[in-house]
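**Q** Take a look at the following structure, please.
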Amino acid sequence: MSNVGKSSLVRRVAAAAGALALGLAGLAGAALTANADTTVPVTGVGNIVAGTSTSLTINKYSGLEASTPDDGALNNSIDQTTHKPLNGVQFTITPVSAKTVNGTAQPINLDTPEGWDLISGVQASDVTKTGSAYTQDTANATTVTTANGGVAKATLPHGLYLVQEGDDTGNNGIVSKTADFLVTLPLPHVAQDGTTDGHWIYDVNVYPKNQLLAGPGKTINSDADQSALGVKVGDVVEYTIKQTVPALNTGETYTQARIFDNLRTDELAFDSQVSVQLNGTDLVAGDDYALTTDATGNVSWDLTPAGLAKIHKDDVITVVFKAKVLKVTVTGGIANGPGTGNPGEPGYGSEFNHKSVPPTQTPYTYWGQLQVTKVVKGNTDQKLANAEFAVAELPATANECPTTAPAAADAVATGTSDANGVVQWNSTPTSPLGLFVANSDTDPNPADFHKDYCLYETKAPAGYILKDAPQKVTITPGTTLTAGANDITVEDEQQNHPNLPLTGAAGTVVMTLGGIALVAAGGAAYAISRKKQSAR
């Protein structure tokens, strides 16, 4: 080749390198730390050795994009305390095999100057747009998945390649995919001043980064707050979901944001919304977000375009709502943990730009049961109807129940015994009575929980003595009824009757008079007999 030809080739390579540097600007780049003399293989200034093995290594990390594009060199200075390696991210690497010029497809061979001329100034969007002059050889595309520290490597022939991020099979919480980018194998080495220096990188490393979505956190109200909301089945619990807004890659915008909670319809029912806030300031329903509920337990808060315009990275969205407790489960625990957002799959979560990452925190509310049966003292097989009872919480500072029963309006529940002596409570279900035990933001051992209540008999059945002393009962989670603990038998003593007159008084007088007459008659007969004997 003449000196003129060599000079032309160098100019073409330099022009192509500049174009590819722009094409790689969509990557999240690491700091340029490579030294061309020690880390970049050199095969000769301006020369590409045809047939030399080339490879592309994708190093996938979380974090912000850098302000400069990758240079293709290996970078060992990634701070993995701030940039998490992302395993399970798929990439498709597709050869761009030809460009149509004047109706004729020209093959792209980067071992020739003509091949570099065909890709001069090319961008990824030029390849992917409808009606592109460039041909993608999809039949020879390669799919790789990052593993072992976020790394995926493919050994490929010389050429121009379109790299596209695919599925996140590692559930890393990637908000939006890295923009499509182009890479050549081999890659011209670009110096830090932006010029090429005649070096070629045959084993190319790229460092695309992604902003990650952190799953929301969820808490349940404290036990003291629960007492204010109600402590029997049919009352509500209050949940708080907090979501930090994720960062986006440069040039991206928030196109969708959603917080959801799919409730188990046999355990919980959405009751009401308390508030939706952004950084502690109320958002406006209808203007900033839309609340949607349905009969299958799905509840969601979706930001409107106006709401999306208000959010920025690291903002905090807080949703507070109430859900009605519908029953006591066998274990006593009602969990409201991570969900997928799919209909029919319970649990809560969030989505940003249509990417959902399940949270890990699961709050629990624990409930137990109380059953009361009214019987006759001394004859417990005989049940008593129409006895009235009230249940109250044991005061937080007390060890024993107050002697005075609460007014009906202040009681947790009131009820009346039926023909079988079983108290039917003025709540749902009617018996046994479902009572709150504890709330927890984690999942400890349910056996560690208990709560004390006071049971009062407020009215005895007709003819029976009111049991005026209250009884403290301890409720534990679950539906198991234990005699004397949460299965209480209350005995009422029958009223004693007043003194009655002596039974048969008139008959006694008659008998007494008759007895006296008999004694008198006997005495007369004896006297007559004695007189007769004396006369003889």
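Just so you know, all these numbers are worked out from the coordinates, no wet-lab data involved. Here the structure is a predicted model, which means the values were calculated and not measured. So basically every Cβ, Gly included, is an ideal-geometry build from the backbone, and we count neighbours across all protein chains shown.
**Q** For an R0 of 30 angstrom, estimate the FRET efficiency from the Cβ-Cβ distance between ASP111 and ALA147 and round to the nearest 0.05.
**A** Here the calculated transfer efficiency is 0.40.
**Q** Then there's this: Normalised by the number of residues in the stretch 54-212, what is the relative contact order in percent for Cα pairs under 8 Å and 6+ residues apart?
**A** Relative contact order comes out at 39 percent.
**Q** Based on the Cβ-Cβ distance of ALA309 and ASN140, what FRET efficiency does E = 1/(1 + (r/R0)^6) give at R0 = 41 Å, to the nearest 0.05?
**A** Calculated transfer efficiency: 0.40.
**Q** Let me ask something else. Quote the charge dipole size of the stretch 366-494 about the Cα centre in Debye, to the nearest 20; the model charges only the Cβ of Lys and Arg (+1) and of Asp and Glu (-1).
**A** 260 debye
**Q** For THR397 and ASP167, what is the calculated FRET efficiency with R₀ set at 51 Å and r taken between the beta-carbons, to the nearest 0.05?
**A** 0.35
**Q** Say each of SER53 and THR340 gets a label point 7 Å from the Cα, pointing the same way as Cα to Cβ; how far apart are those two points in nm?
**A** 4.2 nm
**Q** Using only Cα atoms, locate the centre of the stretch 323-392 and the centre of the stretch 241-274, then give the distance between them in Å, rounded to an integer.
**A** The distance from the Cα centre of the stretch 323-392 to that of the stretch 241-274 comes to 24 Å.
**Q** Using the 10 angstrom Cβ neighbour count as an exposure proxy, how do ARG258, ARG264 rank, fewest first?
**A** Lowest to highest Cβ neighbour count: ARG264, ARG258.
**Q** Ok, one more. Sort out for me the Cα centre separation of the stretch 92-137 from the stretch 167-192, rounded to whole Å.
**A** When both Cα centres are located, 19 Å separates them.
**Q** Mind jotting down the three principal axis lengths of the stretch 366-494 based on Cα atoms? Whole angstrom, largest first.
**A** Extents along the principal axes, in whole Å: 51, 28, 25.
**Q** If you don't mind, there's one more thing I want to ask. Which translational diffusion coefficient, to the nearest whole µm²/s, is obtained for the stretch 54-212 from the Stokes-Einstein equation, given a Kirkwood hydrodynamic radius over C-alpha pairs, 37 °C and 0.692 mPa s?
**A** The calculation lands on 199 µm²/s.
**Q** Count the lysine pairs in the stretch 54-212 whose Cα atoms sit under 17 Å apart, keeping only pairs 8 or more residues apart in sequence or on different chains.
**A** For the stretch 54-212, the number of qualifying lysine pairs is 9.
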